[in-house]
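The structure appears below as structure tokens.
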Amino acid sequence: MTLPAHAGVLETASAVRAGEATAEEVTKAALARIDALNPALNAFLQVFHDESLERARAIDARIAKGGDPGPLAGVPIAIKDNICLSWGKTTCASRMLEHYESPFTATAAQRLLDAGAVLVGKTNLDEFAMGSSNEHSAFGPVRNPWDTARVPGGSSGGSAAAVASGMVPAALGSDTGGSIRQPAGLCGCVGLKPTYGRVSRSGLVAFASSLDQIGPLTRSVQDAALIARIISGPDPLDATTSPLDAEQIALFADTSAPLTLGIPPETTGETVDPRAREVLLGLIGSLRAAGVRTVDVELPLPEHAIAAYYIVAPAEASSNLARFDGVRYGHRAQLAPNDTLDDLYIKSRAEGFGPEVRRRIVLGTHVLSSGYHDAYYTTALRARRLIKSAYDDVFDRGVDAVLLPASPGPAFRLGEKLEGPGIDPMALYLEDAFTVSANLAGLPGISVPAGFVDEAGTRLPIGIQCITRAHDEATALRAAHAIEQITGPAQVAPAGATA
């Protein structure tokens, strides 16, 4: 096999179609990297050795017969473990679903299979996708491949770590408040959250239904565009999917077209780590030198977005997770002889859900309760509309994309925000300060590497995100590509560089 060890999606698929490598060889190499690196990173909860090789051999047989293997021919891809497959388990990194086996495959995953991909495993996440550090998994935290003492971000931290370490060239994640873009930024890879409704949510275990969206994590913008195009499009199983043609997602190659980028004051403000601010200012200067026009813009960020998000998302979570009650789905507690039905509900949910999920259920139930619904939930919905209107006003004034940090700073140490006296969950919630507005407004956003900061001799990635008008992924990708031309392609993290 002549294919490089850390080849990207397009390079791998082209090599398999041209006969320069076989799907089986590519898959075996990916599985070997996973087996070597996963004990240290805990990025994968399940690895499908037998199923993956069987799938790869079937692709090779199709090529040998002159058949079309698809645009993702033989590409190993990982799937976040809140996306259903009809084999293996779908645990959502929770004791509640520890043994759950889905009877069907999510639409997004099926579209990858139909395009010739090999799904090699399910990645770790914050339980039920609720978290910003991947420390809330019932099966242990994921570790950042740039420094295994640090978090990879969340909730799609397993997918980000798998891609950044070179275990796989691509993975699917889900983004409810930044859960693709923030870990992509902290791990130094590309993460795309499409417009709400662009990708079917059928088979995605719901967290907050009006915010959730599936998207790709890759090491190049071009690879993200390809996968996004493949998984996008209408789906009769999800009435919220957009009827628009998904082909335009890939139309970002015209880099000669002028770009105008909006820079809110928060992008380089005091809430950003000073070292990250220096990286972002340097990148913005390089973009200007390359002919990109930048303008200052005002948006209601981040305090209004965080406040609205942490009312809307827990409210929807409390409703969506009501089904996990010990009767219909998930873990069922053992009862004492005199226990009642209420005891079954209480014990099953207390045993099945971790502390962060329970915290959000309680908060969501409170804001939806009688006497508080109008004061909190209805007010948050009004704020959500104002955030969307503010973005629309910016785009109507000729701005193509808004630039925001992917996170306030580089990856922090495991336990730094969760351990010790006086734990404040808000400290972790503020890691989403720059990402939640895109979800509230239903807009596409893509995080790309902006550079690195140095901490005690360790290089840590900094990410920047481009947010554009709804259904204009093409412009988001074009802006991200312009940044990629300056910063270079995403690098493989040290944990995987020698694998």
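The values are calculated or read from the model by the stated rules, or taken from the named source; none is laboratory data. Just so we're clear, the structure is a prediction, and the values are computed from it rather than from any experiment. Cβ atoms come from the backbone with ideal geometry, glycine included; neighbour counts cover every protein chain shown. Protein only, heavy atoms only, side chains kept; ligands, DNA and RNA dropped before computing areas. Shrake-Rupley method; radii C 1.70, N 1.55, O 1.52, S 1.80 Å.
Some values worked out for this structure:
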| read-out | value |
| --- | --- |
| All helices (runs of 4 or more DSSP H) inside the stretch 376-464 with 3 or more residues being touching a Ser or Thr at 6+ places or on another chain (Cβ under 8 Å) | 379-396 |
| Test: residue in the stretch 124-136 that is under 21 Å from residue 358 (Cα atoms) and surrounded by fewer than 24 Cβ atoms within 10 Å (Cβ to Cβ) | yes |
| Criterion: out of contact with any His (no Cβ under 7 Å at 6 or more places or on another chain), over 17 Å from residue 263 (Cα atoms) and open to solvent by 50 Å² or more (accessible area, probe 1.4 Å) - qualifying residue of 494, 461 | 494 |
| Residue match in the stretch 135-143 (condition: polar (S, T, N, Q) and touching a Lys or Arg at 6+ places or on another chain (Cβ under 9 Å)) | no |
| Selected residue (only one of 474, 479 is in contact with a helix residue (DSSP H, G or I) (Cβ under 7 Å, 6 or more places away or on another chain), over 21 Å from residue 133 (Cα atoms), open to solvent by less than 30 Å² (accessible area, probe 1.4 Å) and among the small types (Gly, Ala, Ser)) | 474 |
| Candidate set from the stretch 25-39 (those that are of a type in the set (D, E, K, R) and free of Cβ contacts under 8 Å to residues at least 40 places away in the same chain); member that is farthest from residue 171 (Cα to Cα) | 25 |
| So residue 163, is it within 30 Å of residue 14 (Cα to Cα) and of a type outside the set (Lys, Arg) | yes |
| Single residue of 338, 320 found to be farther than 30 Å from residue 270 by Cβ, open to solvent by 30 Å² or more (accessible area, probe 1.4 Å) and not hydroxyl-bearing (Ser, Thr, Tyr) | 338 |
| Failed item in (1) part of a helix (DSSP H, G or I); (2) open to solvent by less than 30 Å² (accessible area, probe 1.4 Å), with residue 55 passing the rest | (2) |
| In the stretch 148-196, the residues that are closer than 17 Å to residue 489 by Cβ, assigned to a loop (DSSP other than H, G, I, E, B) and β-branched (Val, Ile, Thr) | 168 |
| Total residues in the stretch 1-21, condition touching a residue at least 40 places away in the same chain (Cβ under 8 Å), open to solvent by less than 50 Å² (accessible area, probe 1.4 Å) and either among the aromatic types (Phe, Trp, Tyr) or closer than 18 Å to residue 69 by Cα (or both) | 6 |
| Cross-chain or 6+ apart pairs with Cβ under 8 Å, the stretch 380-402 first and over 12 Å from residue 298 (Cα atoms) and of a type in the set (Asp, Glu), then open to solvent by less than 40 Å² (accessible area, probe 1.4 Å) and part of a loop (DSSP other than H, G, I, E, B) | 400/259; 400/468 |
| Single match in 97, 113 (criterion: surrounded by fewer than 24 Cβ atoms within 10 Å (Cβ to Cβ) and more than 16 Å from the chain's Cα centre (by Cα)) | 113 |
| Scope the stretch 204-228; condition open to solvent by less than 10 Å² (accessible area, probe 1.4 Å) and outside any helix (DSSP H, G or I); matching residues | 207, 208, 211, 212, 213, 214, 215, 216, 217, 218 |
| Candidate set from the stretch 270-304 (those that are in a loop (DSSP other than H, G, I, E, B) and under 25 Å from the mean Cα position of the chain (by Cα)); member that is modelled with the lowest pLDDT | 301 |
| Some residue of the stretch 72-79 being modelled with pLDDT of 95 or more and surrounded by fewer than 20 Cβ atoms within 10 Å (Cβ to Cβ) | no |
| Within the stretch 315-348, considering residues that are under 27 Å from the mean Cα position of the chain (by Cα) and without any contact (Cβ under 8 Å) to a residue 40 or more places away in the chain, the one nearest to residue 91 (Cα to Cα) | 323 |
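Yes or no, residue by residue, for (1) at pLDDT 95 or above; (2) under 21 Å from residue 429 (Cα atoms):
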{"residue": "166", "(1), (2)": "yes, no"}
{"residue": "170", "(1), (2)": "yes, no"}
{"residue": "177", "(1), (2)": "yes, yes"}
{"residue": "195", "(1), (2)": "yes, no"}
{"residue": "202", "(1), (2)": "yes, no"}
{"residue": "228", "(1), (2)": "yes, no"}
{"residue": "236", "(1), (2)": "yes, no"}
{"residue": "243", "(1), (2)": "no, no"}
{"residue": "246", "(1), (2)": "no, no"}
